[in-house]
Every structure is written in structure tokens, then in C-alpha cells.
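For reference, the structure is listed below as C-alpha cells.
The values are calculated or read from the model by the stated rules, or taken from the named source; none is laboratory data. Keep in mind that what you see is a predicted model, and the values were worked out from it rather than measured. No Cβ is skipped: glycine too gets one built from the backbone with ideal geometry, and neighbour counts run over all protein chains shown. Areas reflect the complete protein model, heavy atoms only, side chains present, ligands, DNA and RNA absent. Shrake-Rupley method; radii C 1.70, N 1.55, O 1.52, S 1.80 Å.
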Amino acid sequence: MIKLENVYSGYNRTAIIKNIDLTFEEKSITTIIGKNGCGKTTLLRTASNLLKPFQGKVYIVDKDITDMPSKELAKKISFLPQIRSVPNISVYNLVMHGRYPYLGFSRTPQAEDKKIVADAIHKLNLEKLINKNIQQLSGGQRQKVYLAMVLAQDTDIVFLDEPTTYLDINHKLEILEIIKKLKQMGKTVVMVLHDLSNALSYSDRICLMEEGEIVIYDTPQAVYESREIDRVFDIVSAQVAAGEDGSKQYIFCLQ
Amino acid sequence: MNILQESCILKSLNKNSKSYNFTVIAFLLVLLLAAIFLSISIGSVKISFPDIVASIKQADQASETYRIINYVRIPRTIAAVFAGCALSVAGAILQSVLNNSLASPSIIGVNSGAGLFFVLIAAFFPASIYLSTIAAFAGAIVAVFLVYFIAKKTGASRMVIVLAGVAVSSFIGAITDTILTLKPDTVMARAGFIIGGFSGITMDRVAFAGIIILIAFFIALILSYDMNVLALGDESAKSLGLNVIGVRFSSLIIAAVLAGSAISFAGLIGFVGLIVPHASRFLVGHDNRIIIPVSALIGSIFTLLCDLLARVLFAPYEIPVGIIMSFLGGPFFIYLLMKRRRGQLYD
């Protein structure tokens, strides 16, 4: 369980997020939404200890994360940033980097590490790519490789910053299905998404932000019915039945 | 996933790359031994292999051959091996941790710092050649600490380090030029230092720097996996539990110690630090665990061969090794660049 208490955080002494009191629900998908610059990524970075809060505390199971050694924290939380370097490295070696927090002084992977990496590669169906250089892969394939690295890191909490941005619709949905699988494995997933329809369809909880503060944190249906999305984004939203199973989709247009 | 599927994945891993890397290292080791032999054997006086062996066994300490080998050729060969190894490994480290293909020891202020301290000694203690050796090493380290201090104050990103290096180098260069203007006698000494070379080198000048280079080289090997993780980008590396700033700065310091040690006895023969890491990546890819030893070997071989050419091309006259390096290295570097068509160079 991860909990933020009265958190103020930002850059260059300017608070981007303010007065955040939030507990992310365990073994579920929470999506943070909001307009550009409202503090979504800052919230994610602060919750994963990549950014130290000016004020307030972040706890994992009642432990202050700033007091935890970095490798111990990396065994509990993984974070996939939106902007990443694309190093010159094979798929297998990149996924193996996910085991970094578990490696000893010699940095030599043990049989257990190799097994977990092979398992992550298998779960994301990347067997045919393992010897490929990631610079040769498409954006969607690359994203899957990074998710395999996160899987190999084997943490209970997974933070993903815009994991579907720049992907075509097929890869976008494939990544979202993988994220669903992460939840089924018992992981707590917290992500930032710009696509509101996907956010509402794939999440158990929605955290809507505006100007660095949380407007509402609730189930997608409750957030939709509050009409706060319409107000914050200055749009009109509607819900439509999409499938025979009664599942719902959301559509949005300008006011 | 069952055991069969796991073993299938592990089996399909490119096992050839490991044996290929060992073959490359073995081949380079043989090449290095050959270059060492040539360096000891060839010069204004040619010495045969049996004479070299006899001399090492101390057959006749009064003989001319013994004195040439022990007081001229061996110190010079060891100096070239250490300088080539140190500068190449320093370049490989810097290109990796700064994610900058053009990085070399000069980019973090090593050359300008060593240059300033060398000129200071030449200006105020002109008789002491040993003091200038230590001063060049100290100057390199001081300049890097200055870059470190500025970069740390402003967030220590890769770009800030490069910019801080440029600013510090420019400032130190201005101080050096001021001293050169006020003390024109130092200009000649500085010219020799800038071009660099191994002529007249003695074992006691190389020994201390050599030990430091060996220690720094092993620390670089220990840091090599962490450098690989750092290549993922600061945020990804940090979220994997890597101490990003710690690894980046320890790598910078190790690079500075390596380059500073080499510069202290060889002068500024820095070009080797720029091209050898590229040649290594061309051969063995981007894993620092293999690039560092391969760069050390290629750097030593290249420097030895350049020094050999410097001695024999216009014998009995000798030209500075830095000039040969630029003549050979420049076109080779252009060849590598031409071969690079959208990332094909290292694949």
C-alpha cells in the first residue's frame, strides 16, 4: 500500500502539486488524469521517490520511502518514465537490467534472476526478439520490452508515465491489456494517461487533478457522473454501451 | 512458464557473442605482445629476440644492449602501454556516462587543468621535471573537481557536466595564456607538453602513475555494469535502485585519474581517448564490461605502434607520437563515421 500525506512537491522551489492526501488502492489500476501541466507526472515522480517532496511524507506500508535504501525501494516500486534513452542493447540484456536491485557486488545474475527474466520475456511474448537490439524495434515493441523489464523487477507497485503515448491503436490496446495482466498478477498499478476513454475503461480508480490538486479520486463511474471531467477539460462527455456484455465506452467532444 | 520454455529462451540467446568477445580479447593480447616485442626490438639500434631475452636475464649489465633495453626501450614501452590504456579507458568511460560520442578527457577539463599546473611549474620551478609530472596529475584532478562542484550545484545532468567542462577549460586556458604572456620562457616547455610523447621517459616517472592506472582500471571494471544501467537514462536507472549521481561522479573521477596519470608522463596525446572507444564499440558492441578491457588493449597497441612509427619513420630523427596518432587516427575516425549509416556502425 502506498500513501501520500499532505505532500507538496515540484521543481526549483515552486510547488507543482499541493496538499496531496492520497492512498492508492492495492492490487488495482489507478489512472491519474488532468490537463497538461496540472502535476500528474510530478505526483508520480514524488510517489516513487524520484522527486523529494518539499513537505509531507510518502509511505509504503507505514515506512517513509525517503528512509529506505534505494535498492530496497527498487524491490518495492518500479517506475517507467515517459521519456527514456534508447540505449544500444539487446532485448534480453535490457530485461535483465530489471534484476539490478537484486544483483550482488559482482553484478552477476544468478539462476533465479535468469528464470525471472525468461518468465517476463515469455509473458510478454518477446521470445523471438531476445537477441535484437532495442534500437531496431518499433515503438510498440520497445514499450513491451520496457514492460518486461518492469516485470523482471518484480515489484508490488508499478508506476507508468504515459505508457501508451505515441503508439498506434493496436499497440495501445495491447499495452493496456498487459497492464490489466499486471493487476491480475496482484500488482498495484498507478499510471498517467492522456486518453480519457482508455483511462475510464481500464482503471479501477481515477484520480482527476487540476492545478496541482486532486479534484476527485473515485471509481471511473463515480468520476464520470460527477461531471468534474467536463468542467476541468472544458468538454462534454457521454457514456455509450459498446458491447453485448453491457460494457461501456466514453466519448468526448468540445462544448 | 515451465522449465522447458525457460531453457528454450536461454538456449536461443546469442551465445556466439560471448565466445566472439573472448576471441577478440585473445587476439588483441597476442597483438599487444607482438607490439611490445617490436617496440623493444626496433629503434635506432635493432635488437634481436635472443638479445632481448639475454638482457632480461641480466646476462651482461655493462653491455650497450642491456642499457638500451633497460633504460630506454622498456620504460618507453611500458609508458606507451599505460598511457594508451589509461586514455582509451578514460575516453570509453566518459563517452558512456555522458552519453556523448565526442567525449574525451579534454571535455571534463583534464587537459586544461594539467596544462595550467604544468605551466605553473615550468614558470616558477623550471628545473624540476618530477614536480611537473606530479603537478600535471594534480591539475587534471583539480579541474575535474571544479567541474564536479559546478555540475553538482546545478543538478549534475550530462549536459551540465559537458557545459561546466567547457566553461572551466576556457577559464583555466585564460589563466594559462596569461602566465605564458608574462613568462615567455615557458612557451617551449608547454609546446612539448601539448604535443606529448615518450622520448626520454624514465621508469621512476612511469612507475607511480602506472600503479594508479592499474588500480583505476580495476575500479572502472567494477563500475562497468553500473555504467550500463546508467545508459538507460537517469530516471529509469534511479528507479532500478542505481545511485545515479554517485556512479556518474565516481566514473568521472576514475576517468580523470586515468587521464591525469597518463598526461603526467606522456603530455597531451589525447586523441587516442576519442577514437579507441569507437573502434572498440565497432568490434564488440556497447557493453561496458567488454568495452573497457578491449579499449585498454586497443589503446595500448595503437599507442605502441604510433610510438614505433614516430621513432623509425624519419630515423635518426624522432617526431612526436601525438602527430603520428593524428595522422593515423584522423582518417580512421573519418572511415568509421563514413561507415556509420544510421546506427550501422556498432550493430
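Evaluated against (1) assigned to a helix (DSSP H, G or I); (2) under 27 Å from B:Tyr148 (Cβ atoms); (3) open to solvent by 60 Å² or more (accessible area, probe 1.4 Å), B:Phe27 falls short on exactly one condition, (2). For the range A:81-90, residues that are within 21 Å of the chain's Cα centre (by Cα), touching a residue at least 12 places away in the same chain (Cβ under 8 Å) and either open to solvent by 30 Å² or more (accessible area, probe 1.4 Å) or more than 10 Å from chain B (Cβ to nearest Cβ) (or both) total 3.
For the range A:112-147, the candidate set comprises residues that are in a helix (DSSP H, G or I) and polar (S, T, N, Q); within that set, the residue that is least open to solvent (accessible area, probe 1.4 Å) is A:Gln143.
Of the helices (runs of 4 or more DSSP H) that lie entirely inside the range A:156-244, those containing 2 or more residues that are loosely packed, with under 14 Cβ neighbours inside 10 Å span A:169-184, A:220-226. State whether the residues of the range A:48-55 include one that is in a loop (DSSP other than H, G, I, E, B) and either more than 13 Å from chain B (Cβ to nearest Cβ) or at pLDDT 95 or above (or both). Yes - at least one qualifying residue is present in the range A:48-55.
Taking the listed residues B:Arg67, B:Arg73, the one that is modelled with pLDDT of 80 or more and surrounded by fewer than 24 Cβ atoms within 10 Å (Cβ to Cβ) is B:Arg73, with no other qualifying. Considering only the range A:62-80, I want to know if a residue exists there that is more than 7 Å from every other protein chain (Cβ to nearest Cβ) and touching a Pro at 6+ places or on another chain (Cβ under 7 Å). Yes.
It is to be established whether one or more residues within the range B:197-219 are among the β-branched types (Val, Ile, Thr), over 30 Å from B:Ala80 (Cβ atoms), without any contact (Cβ under 8 Å) to a residue 12 or more places away in the chain and more than 14 Å from every other protein chain (Cβ to nearest Cβ). Scanning the range B:197-219, I find no residue that is among the β-branched types (Val, Ile, Thr), over 30 Å from B:Ala80 (Cβ atoms), without any contact (Cβ under 8 Å) to a residue 12 or more places away in the chain and more than 14 Å from every other protein chain (Cβ to nearest Cβ), so the answer is no. Within the range A:27-42, the residues that satisfy the criterion of being touching a residue at least 24 places away in the same chain (Cβ under 8 Å), more than 16 Å from A:Met1 (Cα to Cα) and not hydroxyl-bearing (Ser, Thr, Tyr) are A:Ile32, A:Ile33, A:Gly34, A:Lys35, A:Cys38, A:Gly39, A:Lys40.
When the range B:229-238 is filtered for residues that are open to solvent by less than 20 Å² (accessible area, probe 1.4 Å) and either more than 7 Å from chain A (Cβ to nearest Cβ) or under 14 Å from A:Ile89 (Cα atoms) (or both), the ones remaining, listed by number, are B:Val229, B:Leu230, B:Leu232, B:Gly233, B:Ala237.
The set of residues from the range B:285-314 being within 14 Å of chain A (Cβ to nearest Cβ) and open to solvent by less than 20 Å² (accessible area, probe 1.4 Å) comprises B:Gly285, B:Asn288, B:Ile291, B:Ile292.
If you check A:Gly98 against the conditions, is it farther than 27 Å from B:Asn100 by Cα, of a type in the set (Gly, Ala, Ser) and modelled with pLDDT of 90 or more? No. Please tell me if A:Thr14 is touching a strand residue (DSSP E or B) at 6+ places or on another chain (Cβ under 6 Å) and either within 14 Å of chain B (Cβ to nearest Cβ) or without any contact (Cβ under 8 Å) to a residue 12 or more places away in the chain (or both). Criteria not met by A:Thr14.
For the condition surrounded by 24 or more Cβ atoms within 10 Å (Cβ to Cβ), on the phi < 0 side of the Ramachandran plot, in contact (Cβ under 8 Å) with a residue 12 or more places away in the chain and not polar (S, T, N, Q), what is the one hit in B:Ala122, B:Ala167, B:Ala135? None of the others qualify; the one that does is B:Ala122. The sole residue among A:Gly186, A:Gly140, A:Gly98, A:Gly104 that is touching a Leu at 6+ places or on another chain (Cβ under 9 Å), more than 10 Å from every other protein chain (Cβ to nearest Cβ) and of a type in the set (Gly, Ala, Ser) is A:Gly140.
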